[in-house]
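What follows draws every value from the coordinates through simple rules; no lab data is involved. These numbers were taken from a predicted model, which means no experiment stands behind them. We place every Cβ from the backbone using ideal geometry, glycine too, and count neighbours over all the protein chains shown.
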Amino acid sequence: MDKKKEKKEIGITSEKDEFSEWFTQLIIKSDLADYSSVSGCLVFKPNSYAIWEKIQEIIDKEFKKLGIKNCYFPLFIPEKLLLKEKEHVEGFSPEVAWVNEAGNTRLNERLAIRPTSEAIMYDSYSKWIRSYRDLPLKLNQWNNVVRWEFKNPVPFLRTREFLWNEGHHVYADEKELNEDKEKILSLYYNFMKDYMALPGLIGKKTEKEKFAGAKATYTIEIIMPNGKATQGPDFHDDGQNFSKAYNIKYLDKNGKEKYPYQATYAISTRMLGVMFAIHSDNKGLIIPPKLAPNKIVIIPILFEDTKNKILEEAEKIKEELKEFNAFVDSRENYKPGFKFNEWELKGIPLRIEIGPKDLEKKQVVAVKRTDNKKIIIKISELKKEIPKILDEIQASLYEKAEKLMKESIIKTETKEDFLKTIKNKKIAFSPLCSSIECEDQIKFETKGVKTLNIPFSQPNLKNKKCIICGKPASYYVYLGKGY
């Protein structure tokens, strides 16, 4: 095969502006995932699964500080349990996959494959909770769920099976619930900012868009490079809806029987896709250093007469930088340029080059993945300088993503400006009334635009009118197309 053609086929051949094709190539060619024989179901390869493990590790540690304990419930949910909460079932019924047979035997009752775990968990909660002394109950699962109803799967962003955490809390009063809401949303928001280098729009869902069965839903929405939005981590205030449906009761301090309050929350592997999409470029993957499984690749520049000395020094540097999971690419059947391109494609945050001249000067050349900037570092200074450079990369990724988010939001106060904003693939920030009919009208006229969330901090609403019906506005809300 022609060398130029081979290089082109190995690398990404689409521009980021051609988002769908670019993103698909990015995921496959950077060795993050592969398609499986099951439509809409993804194979997480080690490179992406290692990042998910890191996410679990960091967030789980924070959960435990809040007194949250991990557990595991069955994947299968009897239909009678799922039907107990009518609003919840109606919200999920198109997405539920069912098991009807085991071997050649027809089941007496079909089993739902977990789309979410309220039904199976709350059946147990109704047995476990008897007294105010049993509250609060704070349990979490790290598991997989299956939601079947969609036509166009997108790796990580929209798959029929995905991985997540799902927390399910029970409280004696709403005060405790609201305190946890603030803590958990802050935990997710800060994790996104500090580790994933992602800004988000935090706020409350409208009545139309809230989680099925919830009293209120709070989300962190992220704006994608193609102008669409995707829902990130969320928190659902379920009020007493589920406790009444699943007969969860407790005796308070006065011996009076009461229904407790409940909340749920989650972050999923969708966030991997969001992170990859926002930070990566036409050369390939970019991973924020704090989540990169390997933060540094060392590439020795080999010539026959100095090869052994260079490899020896490269190994010493690897050992010195082992806290960053540095590794040496010592393959001799590939030229340095090929290796540079390969590790750029696979998103290693920092490349260290060392050749004969560098060895003479007792230095290395460090190259940042984000801007290809070359930095000369004395070998004796590596331990001091490398952390600074990685922090610079992390910070620059957040700054760039925040700039993208801010530039993607247009404040509009008329229907005409709103439609123009959407046509230009931007997110609108507009006054709206709380009528579901107005949201339905928006979705119909724009072929899919919906409300994202209502930010907690609101502009002055005096004399502001709903962009659809002209009645007094209830709030400003973000609107856009989503995944």
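Below is a table of values for the structure above.
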quantity	calculated
Within segment 255-270, tally of residues that are assigned to a loop (DSSP other than H, G, I, E, B) and of a type in the set (Phe, Trp, Tyr)	1
Those residues of segment 61-101 which are over 19 Å from Tyr265 (Cα atoms) and among the acidic types (Asp, Glu), in sequence order	Glu79, Glu90, Glu95, Glu101
Scan of segment 287-332 for residues that are closer than 14 Å to Gly347 by Cβ, out of contact with any strand residue (DSSP E or B) (no Cβ under 9 Å at 6 or more places or on another chain) and surrounded by fewer than 20 Cβ atoms within 10 Å (Cβ to Cβ), ordered by number	Lys290, Pro293
Selected residue (criterion: surrounded by the fewest Cβ atoms within 10 Å (Cβ to Cβ)) from residues of segment 366-401 that are among the hydrophobic types (A, V, I, L, M, F, W, C) and over 20 Å from Ala314 (Cα atoms)	Ala395
Qualifying residue in segment 414-434 (condition: under 18 Å from Lys471 (Cβ atoms) and among the aromatic types (Phe, Trp, Tyr))	yes
First in segment 211-227 and assigned to a loop (DSSP other than H, G, I, E, B), second anywhere and among the hydroxyl-bearing types (Ser, Thr, Tyr), Cβ under 7 Å, 6 or more apart	Phe211/Thr217; Met224/Thr230; Gly227/Ser408
Residue check, Glu407 among the charged types (D, E, K, R), part of a helix (DSSP H, G or I) and within 24 Å of the chain's Cα centre (by Cα)	yes
All positions within segment 402-413 that are surrounded by 12 or more Cβ atoms within 10 Å (Cβ to Cβ) and either of a type outside the set (Asp, Glu) or free of Cβ contacts under 8 Å to residues at least 24 places away in the same chain (or both)	Leu404, Met405, Ser408, Ile409, Ile410, Lys411, Thr412
From Glu439, Glu416, Glu392, Glu445, residue being free of Cβ contacts under 8 Å to residues at least 12 places away in the same chain, charged (D, E, K, R) and assigned to a helix (DSSP H, G or I)	Glu416
Residue within segment 170-184 that is small (Gly, Ala, Ser) and part of a strand (DSSP E or B) present	no
